[in-house]
1. Among A267, A173, A157, which one shows the biggest mean-square fluctuation in a GNM of the chain, springs joining Cα atoms closer than 10 Å?
2. Going through the cross-link list K42/K219; K31/K219; K31/K162, which pairs have a Cα-Cα distance over 21 Å in this structure?
3. Please identify, among V356, V103, V319, the residue showing maximal mean-square fluctuation in a Gaussian network model of the chain using a 10 angstrom Cα cutoff.
4. For the range 146-242, take N as its residue count and report Rg(C-alpha) divided by 2.2 N^0.38 Å.
5. Using the Kirkwood radius built from alpha carbon pairs, what does the Stokes-Einstein equation give as D for the range 10-116 at 25 °C and 0.890 mPa s, in µm² per second?
6. Write out the cysteines belonging to the chain for which the nearest other cysteine Cβ is not under 4.7 Å, or none if no such cysteine exists.
7. Going by the alpha-carbon gyration tensor, a ≥ b ≥ c the square roots of its eigenvalues, is the range 287-357 rounded (a/c under 1.5) or, if a/c is not under 1.5, prolate (a/b greater than b/c) versus oblate?
8. Determine the equivalent ellipsoid of the range 258-381 by diagonalising the alpha-carbon gyration tensor, then write out the semi-axes as square roots of 5 times the eigenvalues, largest first, rounded to whole Å.
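Every number in this text was worked out from the coordinates using simple rules, so none of it is lab data. What you are looking at is a predicted structure, and each value in this text was computed from that prediction instead of being measured. Cβ placement follows ideal geometry from the backbone for every residue including glycine, while neighbour counts extend to all protein chains displayed.
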Amino acid sequence: MTDVAIVGIGIHPFGRTDGVSGLQQGVHAAKEALSDAEIEWKDIEFAYGGSSAAGSADTMVSELGLTGVPFMNVSNGCATGGSALLSAYTTIKSGQFDIGMAVGFDKHPRGAFNADPEAAGLQKWYGETGLMLTTQFFGMKIQRYMHDYGITSDALALVAEKAFNNGSLNPNAWRRDPVSKEDILNGMMVSDPLTKFMFCSPAEGAVALILCRADIASKFTSKPLYLKGAAFRSRPLGSFEVFSPSLEIERGPSPTVGAAKATFEMAGIGHEDIDLAQLQDTESGAEIMHMAENGFCKDGDQEKMLQDGDTNIDGKLPVNTDGGCIANGEPVGASGLRQVYENCVQLRGAAGKRQVPNNPKTAYTHVYGAPGISACTIITN
């Protein structure tokens, strides 16, 4: 099957942009990606795109041009962007098309996410318990994990401190002021053990990527990046995830475990080959759990790794080098693609003050979304 390259990347800064719709932010990112690849919209043979709260992605053609391009809308929770990328990846690998776009954008209102249980196939009682897309759910899940594996609140604070430090070095991040571990720990408690600084917030932003057959990538860039593995999994029996209507007595693996395993097998490499990783950090606890679920450590090892600075930009395995969701916010349609965008910037050696040292060559992404779905990628230069 055909190998796939990424030859163009574009982003609209994350955060709050008054007077600019989510769709317009998506168009901005798309035009930037087209410019990066030195092509025009008419050259795009297909597109996948998604948004949760800012309209249908296919309506971007009104701004980009009416070329008749097949444009498929994608909706998969926080994994929408990752799902759009995976769809574009498999389309090119199949040989159906040579070059296409994956794009994601969103513009969420201020406040908390307000998911409807009935829209997710659940009854109203589930929402009334506080177990939908709520701070209570995430607080409860990480409490159990901390109890089982000896993770402390210090570790949660170190994740957030790193996120804000990295975000301060990222011109496209929303939260760009460092916050100390002490201030994070002493912040307002939202859902024990998670304080306000440990959560991401609904946000705005957009990312677009241009993908093509690897054998034609040199037409568009002198430094193509190669998508060596990409996989997606939904929740298996026994996992306890967002929107899970029950808790099994016999616990099973998360969807992340399956997606990560499939991605590494597809790429034909091991965890030791990864130079940096972007992992879903809806809140601090999520990053900690996902470090183990993606296979980068054993459960409980995260405490020492964080204390030793292993996941810092200059550490053994830099994680969320752009500040992750905690510093960038969570525009649902765009977050998964933001991770890939950051890895592309890092592998190009163009990340400026947040550049991972020693010329990284291989990068990993993991995005997680409701209702318990995960998508992972591995990119090389």
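1. Maximum fluctuation in the GNM of the chain, among the listed residues, is at A267.
2. Distance filter (> 21 Å) returns K31/K162.
3. Taking springs between Cα atoms under 10 Å, the residue moving most is V356.
4. 1.55
5. 172
6. By the Cβ distance rule, which asks for a partner under 4.7 Å, the isolated cysteines are C78, C212, C297, C344, C376.
7. Oblate, because a/c is 1.5 or more while a/b does not exceed b/c.
8. 18, 17, 16
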